[in-house]
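The values are calculated or read from the model by the stated rules, or taken from the named source; none is laboratory data. It should be emphasised that the depicted structure is a prediction, and the values quoted were computed from it without experimental measurement. Cβ placement follows ideal geometry from the backbone for every residue including glycine, while neighbour counts extend to all protein chains displayed. Each accessible area value is taken on the protein alone, full model and side chains, heavy atoms only, with ligands, DNA and RNA left out. Shrake-Rupley method; radii C 1.70, N 1.55, O 1.52, S 1.80 Å.
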Amino acid sequence: MHRYFFDLDAGTWDARDTIGVVLMDAGAAHAEAVQALRSCALDPARSAGAILAMNVRDETGRTVFRVSLAAQ
């Protein structure tokens, strides 16, 4: 089990995760990031014309991957 941190970047709105989530592996973290971006895309205040992106970091602070979604 590993702790992953999910930092959201949505145009002018961004949030850095300081708590994280304990998940089995990077595959589970990827699924979590995709689901979070889908949820954000449903909020017009956050997503209108923006490129939503999520940087996923491990417990050392290293970026494991970045997931992005263009909200049209």
Practice item. Determine whether the range 13-27 contains at least one residue that is in contact with a Leu (Cβ under 7 Å, 6 or more places away or on another chain) and either outside any helix (DSSP H, G or I) or touching a residue at least 60 places away in the same chain (Cβ under 8 Å) (or both). Key: yes
Query raised in the report: Among the residues of the range 50-72, is there at least one that is open to solvent by 70 Å² or more (accessible area, probe 1.4 Å), at pLDDT 90 or above and under 10 Å from the mean Cα position of the chain (by Cα)?
Result: yes
>> Tell me whether the range 27-37 contains one or more residues that are open to solvent by less than 40 Å² (accessible area, probe 1.4 Å), in contact with a Cys (Cβ under 9 Å, 6 or more places away or on another chain) and at pLDDT 85 or above.
In response: no
